[in-house]
Amino acid sequence: MAHDLAGGLTGWDLEGFHSGGDTEAWKRLGAHVITVEDDERGPITGTRFTVWAPNARAVEVIGDFNWWNGDPMQLIPGSGVWGTFIEGVGAGTKYKFRILDQWGNWHEKVDPMARFSEQAPGNASIVYESDYQWNDDEWVSARATSKAYKEPMSVYEVHLGGWRKGLTYRELADELVSYVKWQGYTHVEFMPLSEHPFSPSWGYQVTGYFSPTSRYGTPDDLRYLIDTLHEAGIGVIMDWVPGHFPKDEWALGRFDGTALYEHADPRQGEHLDWGTYIFNYGRNEVKSFLISNALYWISEFHVDGLRVDAVASMLYLDYSRPEGQWVPNKYGGRENLEAIDFLRYVNSHLYRRHPGILMIAEESTSFSGVTKPADAGGLGFGFKWNMGWMNDSLGYLELNPFHRQYHHNDMTFAMVYQYSENFILPISHDEVVHGKGSMIAKVQGDDWQQFATLRAFYSYMWAFPGKQLVFMGQEFGQRHEFDESVSLEWFVADLWGHGGLKRLFRDLNHIYRDHSELWELDFDPSGFEWIDANDAGNNVFSWLRKDSEGHVVACLTNFSPNPQSRYRIGLPHAGVWKELLNTDAEVYDGTGQFGNLGRVIATEEAINERFEASAQVCVPPLGSVWLEYDPSAEEPSPIDDAEEEPVIEA
């Protein structure tokens, strides 16, 4: 039996939604189990249904509680929102909205604010109320005072369905969490977990923005997974997709028969590349919807950050459009001013509400000020993916080692703009899909050369200024490119080469986390100094990483198959430099023949004006060496030194 309009919800309650300032719209719109007071019968429990459809002639709610026959909803005066209260309807009920447009056509639509959804092809929304009790108060409290840009961050990007096929959120809370903790990553990044009907979209074509995908369980099961990650000391980033949404007729598109969430003009409202609609960022209700969605994941699911997908497509009105097929802004320019204002609004609000979270932009252009504060004219993100570094370094990696000498500057160029933004170095899923091949398939040579090159590359990456991200499967050198329909190739993970790479990743993460030189001053020029940026002939790169206390790590990488057994480098201190890492070690399935017996000795013999000391280092072929200055170590006598550090010829 239907009761008042919407369980007491009035037009006043929706003022913020219409002004663009309601950042918790999920609390008012959608389906909510509530108890209302009846003058004659006392408290009555049921579900309040509300939906924004301002241009509809009529709206009904249909579901398994009424055999999918419509219960009429009423228009809340002055709001454009329709509502009703249905007695006796509770959690687990499946429902949709049936909307009559201005032209007399009925449309069945899922609830834009649904907090749980049925999988395709049914796609029904599901009434859901969480009763989850969180156990991560200590984690959330510590997050509020964190300074991510001065802390270690190595991110393991995960597609939940493809990590181990068939696992639920709760099963992943056991297997995934224990694996990520063992590997030593600081964060996981989940590819989109919002409901989506088409699995090969990997979640980037969202139909249920407030609904965690039911592929792996319930919303509270996802809460349990995130809670378990936090208890293990692992942060959680989730991909968020406010740049576009699919055209499925039962979803957001032309919701009440008109362009409600999207622009009506296809030159503004459609993505030609993806066949999707573009949100109308200038419409207040759309702003309330999207900012509420961002806050929802952080508030209700304790997500530690959002990586915003395809930011470049939001920033530019002519993004991937031919001449004449886009509408300039009011100044005649190509920048999407409404999207820019929206991103500033989202970032500012979320950082104010939840200090210490991470807002990360996947932005592939040179748009200025992506990580500059919004109140200083920037977009207000905390971090930006460094797509330039990714493209340049992968291009270098794919070359025959002989030809790398002619592309040496491709690897050093990133330092020219390193301090223009707060960068994350991403080797993400995008680099191992759609015919691009796996990482190991990009490298020329035999198995030994391929694995050695990958070990050198990832150690180069972990030592380079910026935070790090790798996609699952890269840590053990999966040979096939990513396929969401099957599990990772775990059957090779402990074989020769693969197992060595996996062990290297574990050591990279643990050494990295233990040495503030490698992360504290990522975005401060004082944290990095080239030893030699110009040794193109040998394909060798060498630099120093420093922290604020004056500790120093020297990092050398040789991208040539020729060993550098007597490679002399300048160093800032004479004395003992302990070998922290050597990617040619036998434990990583290297040869074990090109090392420094645990340390090198720097003498007061300057080789240029910048350094007071120098040392001979053995840098393995297609390998990396990290050396840490150890002022407390005693130098051996010259005789002992000669005995302990024999020169190993190629």
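Read the figures in this text as sums done on the coordinates, not as results from a lab. All values reported here derive from a predicted model rather than from experimental measurement. Methodologically, a virtual Cβ is constructed for each residue, glycine included, from the backbone with ideal geometry; neighbour enumeration extends over all protein chains shown.
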Which shape class, rounded, prolate or oblate, goes with the chain when its Cα gyration tensor gives a ≥ b ≥ c as root eigenvalues, a/c under 1.5 marks rounded, and past that a/b bigger than b/c marks prolate? prolate
For region 11-126, divide the Cα radius of gyration by the Kirkwood radius and give the resulting Rg/Rh value with two decimals. 0.96
So what is the orientation-averaged projected area of region 65-193, using the convex hull of its C-alpha atoms, in nm²? 13.3
What is the distance, in nm, between label points placed 7 Å from the Cα along the Cα-to-Cβ direction at Leu337 and at His480? 5.1
Within the chain, helix-based [θ] at 222 nm, where runs of 4 or more DSSP H residues each add -39,500 (n - 2.57), nearest 500: -7000 deg cm²/dmol
How far is it, in nm, from the label point at Asn55 to the one at Arg568 when both lie 7 Å from their Cα along the line to the Cβ? 7.7
Restricting to Cα pairs under 8 Å and 6 or more apart, the percent relative contact order of region 526-644 works out to 29
Helix axis angle, 337-353 relative to the chain longest principal axis, alpha carbon, degrees: 80
Shape call, region 402-479: gyration tensor on alpha carbons, a/c limit 1.5: oblate
Can you give the angle from 0 to 90° between the axis of helix 498-514 and the longest principal axis of the chain, with both taken from C-alpha atoms, to the nearest 10? 90
Enumerate the calculated ³J(HN,Hα) couplings along region 446-453 in order (Karplus 6.51 cos²θ - 1.76 cosθ + 1.60, θ = phi - 60°), each rounded to whole Hz, writing x wherever the residue is Gly or Pro. 7, 4, 4, 5, 5, 5, 4, 5
May I ask you to sort Ser548, Ser438, Ser211 by Cβ crowding, counting other Cβ atoms within 10 Å and putting the fewest first? Ser548, Ser438, Ser211
Counting only DSSP beta bridges fully inside the chain, the antiparallel percentage to nearest 5 is 75
Within region 300-360, which GluC sites (Glu not before Pro) sit in a loop by DSSP and count at most 12 neighbouring Cβ atoms inside 10 Å? Glu323
Relative contact order for the chain: what percent, with Cα pairs under 8 Å and sequence separation of 6 or more? 10
Asp447 versus Asn534, label points 7 Å from Cα toward the beta carbon: distance in nm? 4.2
Beyond 12 Å, the calculated P(r) of region 252-293 holds a percent of Cα-Cα pairs equal to 58
How far is the Cα center of region 165-189 from the Cα center of region 361-434, in Å? 28
Indicate the gyration tensor shape class of region 449-498 (rounded, prolate or oblate), computed on the Cα atoms with a ≥ b ≥ c the square roots of the eigenvalues: a/c under 1.5 is rounded; otherwise a/b larger than b/c is prolate and the rest oblate. oblate
As I understand it, the value is the acute angle between the Cα axis of helix 219-231 and the longest principal axis of the Cα atoms of the chain; what does it come to in degrees, rounded to 10? 30
Taking a threshold of 19 Å on the Cα-Cα distance, which of the pairs Lys372/Lys467; Lys330/Lys372; Lys247/Lys436; Lys147/Lys467; Lys27/Lys287 fall above it? Lys330/Lys372; Lys247/Lys436
Net charge, Leu358 excluded, C-beta distance under 9 Å - Lys, Arg +1, Asp, Glu -1: 0
List, in order, the whole-Hz ³J(HN,Hα) value for each residue of region 267-272 obtained from phi through the Karplus relation with A = 6.51, B = -1.76, C = 1.60 and θ = phi - 60°; use x for Gly and Pro. 5, 10, x, 9, 8, 5
For His434, His403, which order do you get if you count the other beta carbons within 10 Å of each Cβ and list the fewest first? His434, His403
Relative contact order, percent, of region 416-516 when contacts are C-alpha pairs under 8 Å separated by at least 6 residues? 31
